[in-house]
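Input: a single structure, listed below in structure tokens.
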Amino acid sequence: MTARSDARVLVVDDEPSLREMLAIALKRSGYSVVTEAGVRAALHRISNDSDAFPVVITDLVMPDGSGLDVLGAAKKRASSTEVIVMTAHSTVDAAIDAMRAGAYDFIIKPFSPAHMMAQTAKALEKRALQDENSSLRAKLVRLQPEPSEFGSSPPMVALADMVGRIAPTKTTVLITGESGTGKERIARALHAHSDRKAGPFRVVNCGALPEALMESELFGHQRGAFTGAVQAREGIVREADGGTLLLDEVGELPLSLQVKLLRVLQEKRVRPVGGTEEIPVDIRLLAATNRDIEADVRAGTFRQDLYYRLNVIRLRLPPLRERGSDIRELAHHFLAQFATDQNKPVRSLAPEALRALDAYTFPGNVRELENIIERAVALAQSNAIGLGDLPPEVSGTSGLAMPFVTSLPPEGIRLDEVIGEVERRLLLEALERAKGVRTNAAKLLGLTFRTIRYRLEKHGIDVGDGAEEDNGPDSSPGRSRQ
């Protein structure tokens, strides 16, 4: 890897002769050089220059400030900038401060121009290697399939294949499934993989709007069309022009509006409320519902002709209880998301928590699982979600006084999971009292070091690399090995 010789270098020093000497030497080596006589001028240059400097060479002590301020500003502008600090006031503390702040090198004055040119070349080479590594990592990420937030169970793999096949078309799609299965996510995936992905994606919840406002919300209105219409409004259909419109809960659409929507689909034109002219629109329509839409057609509450227009291709989202391994896959996906959002070091789910999730029926589907994991991350006291972090209806401990159960409730219990949760909570309490030192926590619980280490691993509790050591296979801080 060879660094570019025409790279820009910023030189900051209050000594004119040194600035001139470095500028001449750097230009002879092929670099483009900018010089500044002090800290304030350098800070202004760094923050206002159109491009970040690959290399900055700065004096440490100047009349109007410290070179460490220049270093900090350069790194803030571009973390890949390499900074060489030079000084005639050499102290160990100064060198340490500069290196801790991210300096590439610390050079003592006086120095030879050849030495400075060599260090500048090495600094640029390091930066070029970092840039190449970042580029390669980005290419690798693009080549690898992005983990799906929908899951990889057979029904979802088949659904993903169908999405990939129909996304590039203009075909109307009806997405059905229970509440919370992720119908809007599928709609967004259809838009994102279509030729319209650069256009708008608009969603209207047909069940959330009063009937009196729905026509205006969909088709817009002219100024003065009704009381309160103080200005004209485009409406969501026109806002989606050139893109995709999702009618969520389309089964809730009143019959009077079903007729007007059908005309929009047939004529590709929309007439605002109070308007006299029809305006052409180009939209791809997606519809979603959790209702039995065929039953609504039979009952006369949903127009058959509109149903046929919407049901060109149907995508059915299976409920989460039918998706097997997706429960764990989605749980880990949401865990990583919420641990980042909440800035908590939660990295896994304890085995008993995973078993409880597997056994739960999820009437609220993916949305309910998402809420469960968000709650569990917020409550977690270690880096693993345990049974006690899950809602009672999921953990199966409803009505139980955790962590100790003194009598068997009428509905029964999952004994292994209750015992596991008692053990986990006592381990956490012992670690808290022992300030994270496993040897001391083992003493509080009457366990050997090896036994507590095994039980911590079993529950996914990571306390980091402690300084405590096992004193031998038979060592026991309290009583015999458990």
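The values are calculated or read from the model by the stated rules, or taken from the named source; none is laboratory data. Only a predicted model underlies this, so the values are computations on that prediction, with no experimental measurement involved. Cβ atoms come from the backbone with ideal geometry, glycine included; neighbour counts cover every protein chain shown.
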Subject >> Condition broken by R314, with the remaining ones in (1) surrounded by 17 or more Cβ atoms within 10 Å (Cβ to Cβ); (2) assigned by TED's automatic domain parsing to the domain that holds R185 satisfied >> reply: (1)
**OP:** Quick one: which residue in L190, L174 is crowded, with 16+ Cβ neighbours inside 10 Å, at pLDDT 90 or above and in a helix (DSSP H, G or I)?
**Re:** L190
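Let's see how each residue does on (1) crowded, with 16+ Cβ neighbours inside 10 Å; (2) in a strand (DSSP E or B); (3) in contact with a Leu (Cβ under 9 Å, 6 or more places away or on another chain):
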| residue | (1), (2), (3) |
| --- | --- |
| S79 | no, no, no |
| V85 | yes, yes, yes |
| D93 | no, no, no |
| I107 | yes, yes, no |
| M116 | yes, no, yes |
**OP:** Tally the residues that are touching a Gly at 6+ places or on another chain (Cβ under 6 Å) and part of a helix (DSSP H, G or I), restricting the search to segment 202-221.
**Re:** 2
Original post:
Going by the conditions given, is I283 at pLDDT 90 or above, hydrophobic (A, V, I, L, M, F, W, C) and under 23 Å from M156 (Cβ atoms)?
Top reply: no
Subject >> Single residue of segment 60-113 satisfying the filter (of a type in the set (D, E, K, R) and more than 34 Å from the chain's Cα centre (by Cα)) that is farthest from V12 (Cα to Cα) >> reply: D93
Original post:
Going by the conditions given, is V55 among the hydrophobic types (A, V, I, L, M, F, W, C) and either farther than 25 Å from E132 by Cα or not assigned by TED's automatic domain parsing to the domain that holds H89 (or both)?
Top reply: no
Subject >> Meets criteria (at pLDDT 80 or above and either within 23 Å of L349 (Cα to Cα) or surrounded by fewer than 18 Cβ atoms within 10 Å (Cβ to Cβ) (or both)) for A430 >> reply: yes
**OP:** Being farther than 16 Å from I84 by Cβ and of a type in the set (G, A, S) is the filter; apply it to segment 7-40 and report the residue that is surrounded by the fewest Cβ atoms within 10 Å (Cβ to Cβ).
**Re:** S17
Original post:
Of all residues in segment 331-364, which are in contact (Cβ under 8 Å) with a residue 60 or more places away in the chain and assigned to a helix (DSSP H, G or I)?
Top reply: H333, P351, E352, R355, A356
**OP:** For segment 16-44, enumerate the residues that are touching a residue at least 12 places away in the same chain (Cβ under 8 Å), under 46 Å from the mean Cα position of the chain (by Cα), under 21 Å from E125 (Cα atoms) and part of a helix (DSSP H, G or I).
**Re:** L22, A23, L26
Original post:
Any idea which of (1) over 30 Å from the mean Cα position of the chain (by Cα); (2) modelled with pLDDT of 80 or more; (3) in a helix (DSSP H, G or I) is the one A378 doesn't satisfy?
Top reply: (1)
